[in-house]
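Here the structure is laid out as structure tokens; the discussion comes afterwards.
The values are calculated or read from the model by the stated rules, or taken from the named source; none is laboratory data. Remember, it's a predicted structure, so these values are computed and weren't measured experimentally. Every residue, glycine among them, receives a Cβ derived from its backbone with ideal geometry; neighbour counts consider all protein chains shown.
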Amino acid sequence: MSLREVLTPFSVWKRVLDAPVSIADPFSREASEHYRGFHKNDMETCIGCGTCEAICQNGAIDMVPVEGQNTEKGDSGLRPMIDYGRCCWCALCVDICMTGSLTMSNEYTWVDSDPDAFRFIPGLNEPWKDKQAGYKRENGRVLSGTTRSPMGELHANERIDNFNEICVGYTREEAILEADRCVECGLCVATCPAHMSIPDYIAAVRDQDYDRGLQLLYETNPFSEVCGRICTHKCETSCAAVHEGDAIAIRWLKRHIVDNVPLERRVELIGAPKPATGKSVAIIGAGPGGLTAAYDLAREGVKVTVYEALPKPGGMMRYGIPEYRLPYDALDRDIAVIEAMGVTIKCATVVGVDVQMEDLRQSHDAVILAIGLQMGRGTRIPGSEGAGVERAVDLLRRITAGDPTVPVPETAVVIGGGNVAFDIARSMARLQKIKYGRVGLTLTALEDRAHFLADKEELVEGDEEGVLILDSRGPQEVMRDPSGQVTGLRTWAVTSIFDAEGRFAPAYDESDEQIHQGALVIEAIGQMADTSLLGDALTEKLEWNRGRIKIDSEMRTSEPWLFAAGDAVKGPDVINAVADGHRAARTVMEAIAQGEVVQ
Amino acid sequence: MMRDLHALLTPRHALGPLEIRRENLAFVTLPASNLRGFLTELRDTQGFSHLVLLTAVDWLEEGQFQLTYMMNNRARDLTLGVRVMLDRTTAQMDSIHDLWPTAATYQRELKEMFGITFPGSPRLDEEFILEGWTDLPPYRRDFDSLAYSQQTYAERPGRVTHDPREYMKSKLYPGG
Amino acid sequence: MSEANKERLLGKTTVREIFEVATEFERVAHRFYSELVPKVSKDLRWLVEELAEEEAEHIRIFTELAQNPAVEAVLAEEITRPVADPKFSDCVQTPDLGPNPDDQAVLQYALMRETAAMEQYTELAKTAPAGPLRDAFLFLAKEETEHKAELEKTYYEVVHSGGV
Amino acid sequence: MFSFQPDRSEYPQPGLDGKLEIDLETGKYLKLWHGPNHPGITGNMSVELTVCGDEVVEGKTHVGYLHRGFEKLMERRTFIQVFPIVCRVCVPEPDFNEYCYAAAVEELAGIEVPELATWMRTLILEMGRFNSYMMFLGGIGGALGLGITGQWMTYVRDLMLDRFEELTGARIYHMFILPGGVRGHLPEGFAARMEEVLQTAETYLADVDKVMFANSVFQLRTKGIGVIEPALFEPYGVTGPNARAGGVAKDVRKDSPYLVYDQLDFEVATGMDSDIFTRAKVRRADIQTSIDLIRQILKKMPKDGPVMAKLPNVLHWKIPRGETYIKGECSRGEYGYYLVTDGSGYPRRINVRGPSYTHAMALLEHLIPGTNISDVAALMVSLHTYPPEIER
């Protein structure tokens, strides 16, 4: 041991002169810009999906009702309450947040004598509510997928000269990837008119348990082949994923399940109906509403007879929706399952002609009216009366029926911007392509492209197929030559469709006038029910509500033996009709059970 | 390298197939009775002198405990996970504390946490982490730690949560 | 050419005349809708009934106005004839909607009438002397505008119901 | 100088099986609890000493004071939910848990981590090592009554915690290394602020050299004491600086390079004497290596790029049946995660290999008999023990 080793340590005495390094006031020390401090929640952006609760490994989050936050489409009305006795500030809740509403401030000191204060709902009135600094997820939402698995489709030139189905359906790999993105919040269920168990059947896809998936589908919907293809899928607009990416392809996943269960297996999985009850119900109209009610009632052991005016069952699903969107064999499979439950469908039987309402009433315990909206509306603009102007629904029906007299001119104009307008436009385009080798179709709609009532895919695919889509055009006159032959449609530019209160009040720029050439004008602006089958007496006896048969929330009409469901009372939508069908069947069952149906 | 070694030692020690995880990590299963001989040979002639860890995996559904002896050859940067499957009801294995004295600690922990016994291992029955534990060995899969915590500790009252889907149903369509 | 038509060409009229035409306008409409009610099937009746009720309300307003002394005082005054007047006056003639008019036809007729009335009253409100008369026209203009908007909403619901 | 050799024949010799013939009734022996609360104990553990005079004849390590059953907790959590708790296994150097766990999950789930993320991870690990060594230097000083190193090192560590805070969003449990990558990029101006910290650290470390390593008292109390014979390294699973101080250059960063260590230029510090002093000295040298590595990383790392890989939806993330072992060189030696998956959404088993497990249990118990009671604290601290990684 040298002297140096004794003395050297003393050299650090110089540190005596250093200023102290301790922070004198630790409470006012600002944390770093990205510090994971106390939570904030943007109440308006939050949708109450509860993924924050699901991911919290500490069980620190409860979803609770909050005053001022209403339960509505796509928003549960719940908001996260965080227990700071459990939170570890890992911020996984922030990372998983589907809307980005949940964030963190860099605030980190909070003194309170009330322990309950530390169970709090961020976003109400915490002092750091408006503080900008704090943890933000730098990489976006990475803990669940944001991009939808694309659906395989026939290319435009593979499909334009035929009526083959366009969507090929998901492969298993695609479906699993898509199903994986679902966070199982269940916000979609409330939006689905039939309240299908969407998260559960998506889970079945993930688990590759198609049998379970199919059983789940049939609990709420006997039209999964149909809805898996052409459902208006409003559920997807309520999907939590839509806020920072694509909504889950709920519709395609539904189809994927039915694609993977053969018909015979479906009947097997559903099992036999309950024993016969001896009751019988007549249903008028073999569309989605009527057949859903028929399915439910048959499952309950009721003898069901469905009366259908057209040669084949399916209603608008067959005679309205073109084959390239919904192939007939897919529809046939759904109907086959329903028939396998013992439902009798009497086609080509017109009520009011072949059989009278009164007879149905006499011979059954109840009658359900599900007649749909089979008649097309016209614009009644000048020139719209007479040959050369057709209604879309009539033409679509004739095309399905294989009517050889369907007019297919080289050029045609469609009025309307909804799905029906596109259905007829794209069907007619196919017929033109087959007949002339080219498409000559113009579609005019009041709406601008961003606000078309039709699904977005219809616009994309219509464009691809060569349909000339003209937006913001208001029809004024069907042009005819001196012989009365239709030559085209005169339109004005639309400057606005709705007034300030959102009411329909189209305004035109009359200086922007165009004439669209076409030997045929097809009107696809709306539909109506044909209630003439009721007869004058019953029409007079029934109560009505603004032109529709009045029903209560349980589908009862003012006549105790008569129930009504579907488009005719609720407006056009397959899944709504399915939901109605269930409700009507349930009400009928209850009524039968309580002996309410008095003849 | 790992494959050569496996081929070389398989006949003597009845090794199972070699499961290669990555270039320098593989796993192999062998009968419990062959373990001592195999580890000794690995250590003394193959350079696997470092016992990285010894632990157990409870395959409750299969009625087996898996013991994993993680062996490392530092010079060649090779790690071999040597697996022995034990009957879960017997749950007994030869001690290797004489090969690696540090193994006694692992074995003591395995006794306490999994109830796997290693006859002859020093201080095997001395408490290691737990004190006065009388329940199932807690790292066994059939010991439910959540239930235990719920029975043992009181939850501060006042917490209620709601499932969004059910809550929306109650608010928007209570009748279904 | 009748005296009245001559007056029209002069571009001047009296408040009384305007008032009378307007009252007649509402009365004719009310009668038209009331008579239509039993003719249409029950599912359309709501619409015609609603329209008739509206018109009855307007007749009541005119009756009350005519009895207002302040209005009476100005009845003889001259006022600029509104540009929309011919269209409005034509509406005094009831149309023939055929034996079985449907909801769309009734709605289109009603819409056309309401538009004419709205334009007429709006213009009158601008030219009428300040006071109860202007207030009345202002009120009517507002009333007809709202009515028209409601009708348009109904039209959209009924006719474009299949907006898919 | 002073030399005291007790007559060892008086005392029972401990056997390999750890059994001693100690009869407390004789009045020759005394039981003494070193810890669980003692300045020479790093963390919550205690050593049950049996002393005869001032010589320790037996020592038994007791842990479990902070047992939270992490490995069991992990089995009850989904793969993403394990992420926030792993760091808690080791307070002073939590990042190794995050890295090892993330890498194990990535390997079994087949996830490729973006390059920048691997650089960031390396940076974080070296920052953590630096901090861990700050605790060590403070601890070894404290164990020998030299309080000032503890104060200085706490300050320097705090400066590094500031850097952790701005980079990761937290000071102690960083929760930054997610499976799939890391949670963010370097903040603007980070390198410059880091350089300031490193320079401050270097001035304090120079003073530590003077006040501690060049201090005759420190040397007297650490040189030649607590020697671990290199022959014990393998039987007792000795890794890290404890082995390096005995001339064995064990360092996972070199032996089995992970992350970007094969792209970094550094030497592994070693010593020959394998005593307390050398172990401290090796760590002192390793601090400088870390400082150099942090500088290198900040200079060499890509300036931009993604830091997260695409993950499956973590709410129902399932990983196929498999097992793997991921290791790294932490400040105390080989740190590793053994992950076993069974195809479900939860780990079947996670076993954490902390170097303290072998060092503070079998090895310490083996080293203690025959030491002077006043040396136990320094011996213990010189093994650099973090008890939570023993009891997990």
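Tabulated data
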| quantity | calculated |
| --- | --- |
| C:Val92, sole failed condition from (1) of a type outside the set (Lys, Arg); (2) out of contact with any strand residue (DSSP E or B) (no Cβ under 8 Å at 6 or more places or on another chain); (3) modelled with pLDDT of 75 or more | (3) |
| Qualifying residue in the range C:40-60 (condition: under 12 Å from the mean Cα position of the chain (by Cα), away from chain A (no Cβ under 14 Å), in a helix (DSSP H, G or I) and farther than 24 Å from A:Asn545 by Cβ) | yes |
| So A:Lys312, is it more than 30 Å from A:Leu431 (Cβ to Cβ), basic (Lys, Arg) and either at pLDDT 95 or above or surrounded by fewer than 22 Cβ atoms within 10 Å (Cβ to Cβ) (or both) | no |
| Tally of residues being buried (at least 24 other Cβ atoms within 10 Å of the Cβ), in contact with a helix residue (DSSP H, G or I) (Cβ under 6 Å, 6 or more places away or on another chain) and assigned to a helix (DSSP H, G or I) across the range A:258-293 | 6 |
| Of all residues making up the range A:28-78, the number that are part of a strand (DSSP E or B), in contact (Cβ under 8 Å) with a residue 12 or more places away in the chain and either of a type in the set (S, T, N, Q) or within 20 Å of A:His243 (Cβ to Cβ) (or both) | 7 |
| D:Phe176, sole failed condition from (1) out of contact with any Phe, Trp or Tyr (no Cβ under 8 Å at 6 or more places or on another chain); (2) within 17 Å of D:Thr149 (Cα to Cα) | (2) |
| Residue count, the range B:26-46 (criterion: in contact with a helix residue (DSSP H, G or I) (Cβ under 8 Å, 6 or more places away or on another chain), assigned to a helix (DSSP H, G or I) and farther than 13 Å from B:Leu78 by Cβ) | 4 |
| Filter pass, A:Gln69 being within 29 Å of D:Pro187 (Cα to Cα), in the same structural domain as A:Asp130 (by the TED database), surrounded by fewer than 22 Cβ atoms within 10 Å (Cβ to Cβ) and not β-branched (Val, Ile, Thr) | no |
| Answer residue from the range D:200-226, given it is polar (S, T, N, Q) and more than 9 Å from chain A (Cβ to nearest Cβ) and is nearest to the chain's Cα centre (by Cα) among those | D:Thr222 |
| Residues located in the range A:499-528, provided they are out of contact with any strand residue (DSSP E or B) (no Cβ under 7 Å at 6 or more places or on another chain) and within 14 Å of chain C (Cβ to nearest Cβ) | A:Ala500, A:Glu501, A:Gly502, A:Arg503, A:Gly526 |
| Matching option when the condition is free of Cβ contacts under 8 Å to residues at least 40 places away in the same chain and either assigned by TED's automatic domain parsing to the domain that holds D:Tyr155 or within 22 Å of D:His384 (Cα to Cα) (or both), among D:Pro257, D:Pro241 | D:Pro257 |
| D:Cys87 being outside the structural domain of D:Met301 (by TED's automatic domain parsing), modelled with pLDDT under 95, buried (at least 24 other Cβ atoms within 10 Å of the Cβ) and part of a helix (DSSP H, G or I) | yes |
| Among the residues listed as A:Leu534, A:Leu562, the single one being more than 24 Å from A:Ile424 (Cα to Cα), more than 10 Å from chain C (Cβ to nearest Cβ), touching a helix residue (DSSP H, G or I) at 6+ places or on another chain (Cβ under 8 Å) and modelled with pLDDT under 95 | A:Leu562 |
| Failed item in (1) surrounded by fewer than 17 Cβ atoms within 10 Å (Cβ to Cβ); (2) touching a Ser or Thr at 6+ places or on another chain (Cβ under 8 Å), with B:Ala75 passing the rest | (2) |
| Single unsatisfied condition, D:Glu196 versus (1) more than 10 Å from chain A (Cβ to nearest Cβ); (2) in contact (Cβ under 8 Å) with a residue 60 or more places away in the chain | (2) |
| Total residues in the range A:334-351, condition buried (at least 16 other Cβ atoms within 10 Å of the Cβ) and either under 22 Å from the mean Cα position of the chain (by Cα) or over 24 Å from A:Gly402 (Cα atoms) (or both) | 9 |
| Qualifying residue in the range D:167-190 (condition: in a helix (DSSP H, G or I), more than 9 Å from every other protein chain (Cβ to nearest Cβ) and in contact (Cβ under 8 Å) with a residue 24 or more places away in the chain) | yes |
| Any pair with Cβ under 6 angstrom, 6 or more apart, that starts in the range D:322-336 at a residue that is within 11 Å of chain B (Cβ to nearest Cβ) and part of a strand (DSSP E or B) and ends at one that is charged (D, E, K, R) and surrounded by fewer than 24 Cβ atoms within 10 Å (Cβ to Cβ) | D:Thr324/B:Arg21; D:Thr324/D:Glu107 |
| Looking only at the range B:101-124, and only at residues there that are out of contact with any Gly (no Cβ under 7 Å at 6 or more places or on another chain) and in a loop (DSSP other than H, G, I, E, B), the one that is nearest to the other protein chains (Cβ to nearest Cβ) | B:Pro101 |
| Residue among B:Val82, B:Val57, B:Val52 that alone is more than 11 Å from every other protein chain (Cβ to nearest Cβ) and part of a strand (DSSP E or B) | B:Val82 |
| Restricting the range D:91-114 to residues that are in contact with a strand residue (DSSP E or B) (Cβ under 8 Å, 6 or more places away or on another chain) and outside any helix (DSSP H, G or I), the residue that is nearest to the other protein chains (Cβ to nearest Cβ) | D:Pro114 |
| Flag if D:Ala206 is under 23 Å from B:Asn24 (Cβ atoms) and part of a helix (DSSP H, G or I) | no |
| Some residue of the range A:465-482 being in a strand (DSSP E or B), touching an Asp or Glu at 6+ places or on another chain (Cβ under 8 Å), farther than 22 Å from A:Tyr324 by Cβ and hydroxyl-bearing (Ser, Thr, Tyr) | no |
| Of all residues in the range B:106-133 being of a type in the set (Val, Ile, Thr) and at pLDDT 95 or above, the one that is surrounded by the fewest Cβ atoms within 10 Å (Cβ to Cβ) | B:Thr117 |
| Any hit, the range D:143-166, residues being crowded, with 23+ Cβ neighbours inside 10 Å, more than 14 Å from chain A (Cβ to nearest Cβ) and assigned to a helix (DSSP H, G or I) | yes |
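A quick yes/no check of all residues on (1) under 18 Å from A:His195 (Cβ atoms); (2) surrounded by fewer than 23 Cβ atoms within 10 Å (Cβ to Cβ); (3) in contact with a His (Cβ under 6 Å, 6 or more places away or on another chain):
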| position | (1), (2), (3) |
| --- | --- |
| A:Ala568 | no, no, no |
| A:Val574 | yes, no, no |
| A:Val588 | no, no, no |
| A:Ala591 | no, yes, no |
